[in-house]
Amino acid sequence: MENTNIDNTNSGENCCRGKKKMRCGGASGGCIYGLGFIGAAVYYIQHAVTFLGGVIGFLKALVWPAMLVYKLLEFLK
């Protein structure tokens, strides 16, 4: 008796037929945010006088883009 079970998922010939092609290229924003986070964390931690000030500076470094947009919109009002 022959094995008639054919599995084309591993062959690679027709595995992508009918599927949308993915575009990869939108990851540059994460890199910019990461560099900004590192820079803001270093700035805030260097200017902290106490340990609690360093912790608050680290938290500020996480949300600096939101603070920047808020201040910009406040300025443009």
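The values are calculated or read from the model by the stated rules, or taken from the named source; none is laboratory data. The structure displayed is predicted, hence computed values, not measured ones. A quick note on method: Cβ atoms are made from the backbone with ideal geometry, for glycine too, and the neighbour counts reach across all protein chains shown.
Of the conditions (1) among the aliphatic types (A, V, I, L, M); (2) modelled with pLDDT under 90; (3) assigned to a loop (DSSP other than H, G, I, E, B), ALA48 satisfies every one except a single condition; which number is it?
So the condition that ALA48 fails would be (2).
Which of the residues spanning region 26-77 are among the charged types (D, E, K, R) and surrounded by 10 or more Cβ atoms within 10 Å (Cβ to Cβ)?
Listed by number, the residues that qualify are LYS60, LYS71.
Could you please let me know if VAL69 is modelled with pLDDT under 90, outside any loop (DSSP other than H, G, I, E, B) and β-branched (Val, Ile, Thr)?
yes
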